[in-house]
Amino acid sequence: MLKPSSLRDQLTAAVPWFAANPENLTLFINAGRIITTGTGTLSFEYAYTLQVVALGYAGHADALVVPMLEWISRNQPELLDNPDKREKALRFNVEFLTDITTDIGFEIDLTERVLVRPRAGAPAGAVELHHVAEPPHPVHIDKPEHWSLWMHGELLAEWDHDPR
């Protein structure tokens, strides 16, 4: 599964507090399942709920939400495009620890397709695995971008998107 570490990288780049406190950003997978394609191959899809938890977080929740939404728009775009999925695309829970710190957890339902194909020129039984990227959204031209998130003149988050 590649998407959890990709989202961790995005949040760590966007919110410097996570780079300084990596132990305060935890990711869990719940309700995972393997869905086969039924095509006579061993190709399959991971389907799971990813929990992203910021522990002892004192920043603004928007600094987490916007980078996650931008990540979802590139890595699981149907969650934002499909009206039936949009309402439950990004769910959250908050525990208020102090006046300024919270544990805030997010849940995202994700899928990842894996193609399993015979390895060319290899003996029978040798297979090649290919993790298939999501098709790009029509409004996204996948080019390098620099994002910055501001509220009332304060920089909340900043990150780069490099499609390479």
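Here is how the numbers come out for the structure above:
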{"read-out": "Only one of His146, His161 that is in contact (Cβ under 8 Å) with a residue 24 or more places away in the chain and in contact with an Asp or Glu (Cβ under 6 Å, 6 or more places away or on another chain)", "value": "His161"}
{"read-out": "Identity of the residue in region 13-68, among the polar types (S, T, N, Q) and surrounded by 14 or more Cβ atoms within 10 Å (Cβ to Cβ), that ends up modelled with the lowest pLDDT", "value": "Thr37"}
{"read-out": "Residue within region 130-138 that is at pLDDT 90 or above, within 15 Å of the chain's Cα centre (by Cα) and either part of a loop (DSSP other than H, G, I, E, B) or closer than 18 Å to Ala19 by Cα (or both) present", "value": "no"}
{"read-out": "Residue, farthest from the chain's Cα centre (by Cα), within region 93-115, restricted to residues that are exposed (fewer than 14 other Cβ atoms within 10 Å of the Cβ) and assigned to a strand (DSSP E or B)", "value": "Phe96"}
{"read-out": "Count of region 69-92 residues which are of a type in the set (D, E, K, R), surrounded by 13 or more Cβ atoms within 10 Å (Cβ to Cβ) and in a helix (DSSP H, G or I)", "value": "5"}
{"read-out": "Residue satisfying all of: in region 72-121; over 22 Å from Gln51 (Cβ atoms) and small (Gly, Ala, Ser); modelled with the lowest pLDDT among these", "value": "Gly121"}
{"read-out": "Index of the failed condition, Glu134 passing every other in (1) within 22 Å of Val15 (Cβ to Cβ); (2) out of contact with any strand residue (DSSP E or B) (no Cβ under 6 Å at 6 or more places or on another chain); (3) in contact (Cβ under 8 Å) with a residue 12 or more places away in the chain", "value": "(1)"}
{"read-out": "Number of the exception - Leu149 against (1) modelled with pLDDT under 80; (2) part of a loop (DSSP other than H, G, I, E, B)", "value": "(2)"}
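The values are calculated or read from the model by the stated rules, or taken from the named source; none is laboratory data. Everything quoted here is computed from the prediction, not taken from an experiment. With ideal geometry, Cβ positions are generated from the backbone for all residues, glycine too; neighbour counts draw on all protein chains shown.
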